[in-house]
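See structure below.
Just so it is clear, none of the values below were taken in a lab; they were calculated from the coordinates. Small disclaimer: the values here were computed from a predicted structure and weren't measured. Quick reminder, even Gly has a Cβ in these numbers, built from the backbone with ideal geometry, and neighbours come from all protein chains shown.
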Amino acid sequence: QVQLVESGGGLVQAGGSMRLSCAASGRTLGTFINYPVAWFRQAPGKEREFVAAISSHGISTYDAGSVKGRFTISRDNSKTTVYLQMNSLKPEDTAVYYCAQQRIPRIPLSVPASYDDWGQGTQVTVSS
């Protein structure tokens, strides 16, 4: 099994920036490397919400309307780490952020049920 570990969360002021990392580990990383990876977020009492997704080669990205123009998803050269660069943060961005990967191709990419492996989440708190 591939394990996904998110890091980089914390407390920032509104208008600030933060970069989250999702590192994959395990004996096999083929699905993480070769299939889409996504970021979701969840605030207390709310449904898990799609943030952004990226293709295996980083040639295609897809993000939610609520973060468009502010958040950028990317992969490093090894393709074993996926990042979420968050700029112009707003208090409503406060949530636990999770990364997820597919083991079987599914659509739509914007729903949690399309993904098979999940990290433990990292808390992002944006203060006003």
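Here are a few things to note about the model shown:
- Potential lengthening between Gln85 and Gln13 on full extension [0.36 nm per residue; Cα-Cα distance subtracted]: 24.4 nm
- Sequence-distant lysines (8 or more away, or on other chains) whose Cα lies within less than 20 Å of Lys90: Lys46, Lys68
- The stretch 75-128 - Rg (one decimal) and Dmax (whole number), Cα, Å: 13.4, 40
- Simple label model, 7 Å out from Cα along Cβ direction - Val5 to Asp76, nm: 1.2
- Spherically averaged projected area in nm², based on the convex hull that wraps the Cα atoms of the stretch 1-74: 6.0
- GNM top mover of Gly45, Gly58, Gly26 - the chain, alpha-carbon springs below 10 Å: Gly45
- Relative intensity, log₁₀ I(q)/I(0), of the stretch 17-128 from a Debye sum that treats every alpha carbon as a point, q = 0.14, 0.24 Å⁻¹: -0.51, -1.51
- Proximity of backbone amide H atoms, modeled 1.01 Å from N, is registered between Arg19 and Met86 at under 5 Å, excluding neighbours fewer than 5 places apart on the same chain.
- Rounded to whole Hz, the Karplus (6.51, -1.76, 1.60) HN-Hα couplings of the stretch 43-60, x for glycine and proline: 9, x, x, 10, 6, 5, 10, 5, 10, 6, 9, 9, 6, 4, 9, x, 8, 9
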